[in-house]
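I have placed the structure first, in the form of structure tokens, so that the comments after it can refer back to it.
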Amino acid sequence: MPRPRKPASPFRYLNSSPEVIRLVALMYVRFPLSLRNVEELLFERGIDICHETVRLWWNRFRPLFAGEVRRKRVSHMRGFRHWR
């Protein structure tokens, strides 16, 4: 019987680490920053990327990050309902 395959990582063809991509996307969304502001903040931290890369990563990984946030919110709300 063949082993079930693990789903392929959405970060597999990118040269940056998933942690950096996650940081970039969440900085862009969480704080009212422009693409160029995110680029400058990351450059100060030693990460040299273009503002266009921030935009591409956000467009590509937006559904993934939104799903994670949604799952966390639902799990917190379930815990709230049991307090009644």
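What the table below lists for this structure:
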| item | result |
| --- | --- |
| Net charge of neighbours whose Cβ lies under 13 Å from the Cβ of GLU39, counting Lys and Arg as +1 and Asp and Glu as -1 | -1 |
| Karplus-derived 3J(HN,Hα), 6.51/-1.76/1.60, for each residue of region 20-32, Hz, glycine and proline x | 5, 4, 5, 4, 4, 5, 6, 5, 5, 8, 5, 10, x |
| Charge context of ARG60, other residues only, Cβ under 13 angstrom, K/R +1, D/E -1 | +3 |
| Fully extended contour minus Cα-Cα distance, from HIS51 to ASN37, at 0.36 nm per residue | 4.2 nm |
| In Hz, Karplus ³J(HN,Hα) per residue of region 34-40 (6.51, -1.76, 1.60; θ = phi - 60°; x = Gly, Pro) | 7, 4, 5, 5, 4, 4, 5 |
| Relative contact order, percent, the chain [alpha-carbon distance under 8 Å, six or more residues apart] | 20 |
| Vicinal HN-Hα couplings computed from phi for region 11-19 (Karplus, 6.51 cos²θ - 1.76 cosθ + 1.60; Hz; Gly/Pro x) | 9, 5, 9, 9, 7, 8, 6, x, 5 |
| Correct choice for percent of Cα pairs over 17 Å apart that was computed from the model, options (i) 57; (ii) 73; (iii) 38 | (i) |
| FRET efficiency, ARG73 to SER9 (Cβ-Cβ, R0 25 Å, nearest 0.05) | 0.55 |
| Dipole magnitude of the chain, debye to nearest 20 (Cβ charges: Lys/Arg +1, Asp/Glu -1, about Cα centre) | 940 |
| The chain, helix-only ellipticity at 222 nm - DSSP H runs n ≥ 4, -39,500 (n - 2.57), divided by all residues, nearest 500 | -22000 deg cm²/dmol |
| Which of VAL29, VAL54, VAL20 is most accessible, then next, and so on - probe 1.4 Å | VAL29, VAL20, VAL54 |
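The values are calculated or read from the model by the stated rules, or taken from the named source; none is laboratory data. What you see is a predicted model, and the numbers here were worked out from it, not measured in a lab. With ideal geometry, Cβ positions are generated from the backbone for all residues, glycine too; neighbour counts draw on all protein chains shown. Side chains included, ligands, DNA and RNA excluded: accessible areas come from the protein's heavy atoms. Shrake-Rupley method; radii C 1.70, N 1.55, O 1.52, S 1.80 Å.
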